[in-house]
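Here's the structure, in C-alpha cells; my notes come after.
Read-outs throughout are calculated quantities, based only on the coordinates presented, and are distinct from any laboratory measurement. Treat the numbers as computed from the prediction; the structure is a model and nothing was measured. Here the Cβ positions follow ideal geometry from the backbone for every residue, glycine too, while neighbour counts run over all protein chains shown.
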Amino acid sequence: MLRQRIITAAWLIPLALFGLFGLEGEGFRLFTAAIVLLAAWEWANLAGIASPGRRLLPVAGLAVLMAVCWVTGVVSATWPLWLGALGWLVNLYWVTGYPARLAQWQSTAMRLAMGLWVLLPTWVGFSVLREGGAVWLLFVLLLVWGADIGAYFVGRALGRHKLAPSVSPGKTWEGVAGGLAVTALLAIGFATWQGLGVAGGLMLLLATAVVTQASVLGDLLESMLKRHRGIKDSSQLLPGHGGVLDRVDSLTAAVPLFALLHGGLL
C-alpha cells in the first residue's frame with residue numbers, strides 16, 4: 001500500500017502543480033473542469049448510483065452546465081459563489097444534525113442537487129482566484145493543507161472533545177483549534193508578504209478563520225455521505241489515495257468561500 005501511495009504521489013503532485021500554477025485562462029479552466037467532473041462521477045456514487053456507466057449521466061449534465069457558464073461568462077461571476085455559500089449553510093445544518101436529519105437529504109435526487117451546489121461553485125471559485133493571479137490560489141491551497149496538518153498533530157496529541165462523533169469519530173475540537181492556529185500564522189505571513197497593512201491583515205485573518213472552519217465542514221460532509229453509502233473511499237481513481245473527492249473535499253468548501261470573501265474583503 002505504501003509503495004502504491006508513493007507511486008501515485010510521484011505523478012499526481014507534479015501534475016497538480018503544473019495544472020494549477022503552470023496553466024492560465026482556458027487551459028486552467030479545462031484542467032480544473034476535468035478535476036471537478038471526475039469528482040462529480042464519484043459524487044454520483046455517493047448519491048446512490050452504483051453503476052459506473054449510469055454515473056456518466058449526471059456528469060454529462062454538469063459538463064453541459066459548466067460549458068454554458070463558460071460561454072456566457074458566468075464562470076467569472078460571483079453569484080455561483082453565493083450559491084455555494086448558501087448551499088454550505090444547508091450542508092452545515094445537515095452535518096450537525098446527522099443522523100436525525102437524514103430523511104431530508106437521503107434521496108438520490110437531493111444528494112445530486114447537493115453535489116451541484118458543491119461542485120459548480122468550486123470550479124467557479126478556482127477560476128475567479130486564478131484570474132487574480134496565482135498568489136491567492138496558492139494561499140487557499142496552503143490554508144487547507146495547513147489546517148489538515150495542524151488538526152492532525154494537535155488532535156492526536158491533545159484531542160479529547162469529539163467534533164462530530166456520528167460523522168467522523170476521529171475529529172476533535174482541539175484538532176480544529178490546532179488547524180486554526182496554523183492557518184492564522186499562514187495568514188500573518190501572507191499579509192506581511194503582500195503588504196496588506198494592519199486593516200488588510202485583520203481582514204485576511206478573519207477570512208482565514210472562516211474558511212478554515214469551512215474546510216473542516218467540507219471534509220465532514222464527504223465523511224457523512226460515505227458513511228451513509230457504506231464506503232471507505234469515494235473511488236479508487238488514485239491508487240493508494242482513494243478518489244478525487246477524498247483529496248479535494250476540504251477544497252470544495254474552502255475555494256468558493258475564499259474566492260467570495262477575497263473579492264469582498266481584500
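Assess whether LEU163 counts as being within 27 Å of SER223 (Cα to Cα), in contact with a Ser or Thr (Cβ under 8 Å, 6 or more places away or on another chain) and hydrophobic (A, V, I, L, M, F, W, C).
On the way: within 27 Å of SER223 (Cα to Cα): yes; in contact with a Ser or Thr (Cβ under 8 Å, 6 or more places away or on another chain): yes; hydrophobic (A, V, I, L, M, F, W, C): yes.
Criteria met by LEU163.
Select from segment 58-74 the residues that are of a type outside the set (S, T, N, Q) and surrounded by fewer than 13 Cβ atoms within 10 Å (Cβ to Cβ) and list them in ascending order. Explain how you work it out, then say what you get.
Initial filter on segment 58-74 (of a type outside the set (S, T, N, Q)): 58-71, 73-74.
Answer for segment 58-74, where residues must be of a type outside the set (S, T, N, Q) and surrounded by fewer than 13 Cβ atoms within 10 Å (Cβ to Cβ): ALA60, VAL64, ALA67, VAL68, VAL71, GLY73.
Looking at the structure I just gave you, is VAL75 among the hydrophobic types (A, V, I, L, M, F, W, C) and in contact with a Gly (Cβ under 7 Å, 6 or more places away or on another chain)? Don't jump to the end; show me each part of the working.
Numbers: among the hydrophobic types (A, V, I, L, M, F, W, C): yes; in contact with a Gly (Cβ under 7 Å, 6 or more places away or on another chain): no.
Criteria not met by VAL75.
Need at least 3 residues that are basic (Lys, Arg), over 30 Å from GLY97 (Cβ atoms) and in contact (Cβ under 8 Å) with a residue 12 or more places away in the chain per element, so show me which helices (runs of 4 or more DSSP H) inside segment 151-266 make the cut, counting only ones lying wholly within it. Before you say what the answer is, go through the steps one by one.
Numbers: elements: 173-194, 197-229, 244-265.
Where helices (runs of 4 or more DSSP H) fall fully within segment 151-266, none carries at least 3 residues being basic (Lys, Arg), over 30 Å from GLY97 (Cβ atoms) and in contact (Cβ under 8 Å) with a residue 12 or more places away in the chain.
In segment 146-175, how many are within 16 Å of VAL210 (Cβ to Cβ) and in contact with a Leu (Cβ under 6 Å, 6 or more places away or on another chain)?
Of the residues in that region, 1 qualify.
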